[in-house]
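Worksheet: the structure to be examined is printed underneath.
The values are calculated or read from the model by the stated rules, or taken from the named source; none is laboratory data. Quantities reported herein were computed from a predicted structural model and do not represent experimental measurements. Note that we place each Cβ from the backbone using ideal geometry, even for glycine, and neighbour counts take in every protein chain shown. Note: areas computed on protein heavy atoms with side chains; ligands, DNA, RNA excluded. Shrake-Rupley method; radii C 1.70, N 1.55, O 1.52, S 1.80 Å.
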Amino acid sequence: MPDPDPLVPDVPALRARLDAVGYLADDALATALLLAVRMRQPILLEGEPGVGKTEAARALAAVLDTPLIRLQCYEGLSSAEALYEWNYPRQLLAIRLAESRGEPLRDADLFTEDYLLPRPLLAAICHPGPRPAVLLIDEVDRADDEFEAFLLELLADAAVTIPELGTRTAVVPPVAVLTSNRTRDLHDALKRRCLYHWIDYPDTARVAAIIRRRVPESAEWLAPRVAHGVARLRARQELTKPPGIAEAIDWAGALHTLGLSVLDADAADRTLGAVLKYAEDLEAVRRAGLDELIDAEAGTDA
């Protein structure tokens, strides 16, 4: 096993450093991230949208003081799109320049490092170090089975082959963080290759603490009131998209920006678009009444 990283020697140190960059992690998540760094093994973070999976990777990169290289997955994503592409405009310019000079130009002259445009996966493999890059493969469950199979091979070998240039093997393999909203089941082979951690939606006290970190200029009363209001929204089964932590932060930011001194039904109605993002959800909540979102003990800004 690699020697302990001086930046993350143990779980308490990693928690403290994550906290310092604005990410509140519990012991279980900090342990999973530490193992991913120390064991050089990919980690799969699953959970509902908005629970902080992507932010965990960003925070880890900040703690390690290393680049975050992000690949956003989508349906139809191919290995070529994730690996590299050739700079075709520059190649065409080189062809025309050679023709104007009457100089011969071989195919090999056009497929060199000068014309290579690395995409996220190749960029992570070729990262020179000294610390490993954090490779965020976001929402891998949105990609196709074919891409998942390709990804499994890449994660196992930490190497890719470019037909025109040969094989590129990572000098410092990246810390790979895969995220999934569990819109579909991933293949067992990919899961077996990874460490695994499920990130659940935090309780209201932790949500309030996160809001205070992300909207530090807001009034003291605001964070717990927003956290309770979001918890009540999440309890509604009919919502198309229950709000997550990001929406809680946006809601607190909206209330603070408007200079509101209390979270009442009127304030909630004016800012509801910061926390609910579907017209059907807005209509359902307004129809049911906004009073239930308001904490009975809501206070005012002192």
>> So, for the chain, what is the accessible surface per residue at a probe of 1.4 Å, expressed in square angstrom?
In response: 50
> Where does the range 26-125 land on Rg/Rh, using Cα atoms and the Kirkwood Rh?
Replying inline: 1.19
> Is the chain best put as rounded, prolate or oblate by its Cα gyration tensor, with a ≥ b ≥ c the root eigenvalues, rounded for a/c under 1.5, and otherwise prolate when a/b is larger than b/c, oblate when not?
Replying inline: prolate
>> Compute, for the range 204-293, the length of the dipole vector about the Cα centre, with Cβ point charges of +1 (Lys, Arg) and -1 (Asp, Glu) only. Units Debye, rounded to 20.
In response: 380
> Helix 53-64: angle to the longest alpha-carbon principal axis of the chain, degrees 0 to 90, nearest 10?
Replying inline: 70
>> Quick check: the angle from helix 222-234's long axis to the longest principal axis of the chain, C-alpha only, nearest 10 degrees?
In response: 80
> Taking springs between alpha-carbon atoms closer than 10 angstrom, which of A98, A268, A25 fluctuates most in the Gaussian network model of the chain?
Replying inline: A98
> Convex hull volume of the Cα atoms in the range 135-220, per residue, in Å³?
Replying inline: 163
> Suppose R0 equals 25 Å; then what is the FRET efficiency for L93 and E164 from their Cβ-Cβ distance, rounded to the nearest 0.05?
Replying inline: 0.85
> Going by alpha carbons, how many degrees (0 to 90, nearest 10) lie between the helix axis of 204-214 and the longest principal axis of the chain?
Replying inline: 60
>> Computing the accessible area with a 1.4 Å probe over protein heavy atoms, can you report the carbon and sulfur percentage for the range 204-293?
In response: 49
> How large is the charge dipole for the chain, taken about the Cα centre, if only the Cβ atoms of Lys, Arg (+1) and Asp, Glu (-1) carry charge, to the nearest 20 debye?
Replying inline: 480
> To the nearest 0.05, how large is the calculated FRET efficiency for E81 and A156 if R₀ is 30 Å and r is the Cβ-Cβ distance?
Replying inline: 0.90
>> Which residue fluctuates most in the GNM of the chain (Cα springs below 10 Å): Q72, Q237, Q41?
In response: Q237
> Which whole-angstrom value gives the distance between the alpha carbon centres of the range 181-253 and the range 16-70?
Replying inline: 16
>> Under 18 Å from a point placed 7 Å out from the Cα of T257 along the Cα-to-Cβ direction: which residues of the range 184-225 have their backbone N that close?
In response: 211-219, 222-223
> So which GluC sites (Glu not before Pro) in the range 18-82 end up in coil per DSSP with only 11 or fewer other C-beta atoms within 10 Å?
Replying inline: E75
>> Using a Cα-Cα cut-off of under 18 Å, which aspartates and glutamates could be cross-linked to K277, ignoring same-chain neighbours fewer than 8 residues away?
In response: E48, E238, E247, D250, D269
> So for the chain, taking the charge dipole from beta-carbon charges (+1 Lys/Arg, -1 Asp/Glu), which of L110, L29, A268 sits furthest toward the positive end?
Replying inline: L110
> Give or take rounding to whole Å, what are the principal axis extents of the alpha carbon atoms in the range 170-302, in descending order?
Replying inline: 54, 32, 21
> Evaluated at 37 °C with a viscosity of 0.692 mPa s, what Stokes-Einstein diffusion coefficient in µm²/s does the range 173-220 have when Rh comes from the Kirkwood expression over alpha-carbon pairs?
Replying inline: 233
> Can you give the calculated 222 nm mean residue ellipticity of the chain, where each DSSP H run of n ≥ 4 adds -39,500 (n - 2.57) and the sum is split over every residue, rounded to the nearest 500 deg cm²/dmol?
Replying inline: -13000 deg cm²/dmol
> Given springs between every Cα pair under 10 Å in a Gaussian network model of the chain, which of A208, A61, A80 has the largest fluctuation?
Replying inline: A80
>> With an 8 Å Cα cut-off and a minimum separation of 6 or more residues, compute the relative contact order for the chain in percent.
In response: 20
>> Relative contact order for the range 204-293: what percent, with Cα pairs under 8 Å and sequence separation of 6 or more?
In response: 31
> Where the centroid of each part is defined by its Cα atoms, how far is the range 101-180 from the range 256-295 in Å?
Replying inline: 45
> Using Cα pairs under 8 angstrom and six or more residues apart, how large is the relative contact order of the range 77-217, in percent?
Replying inline: 25
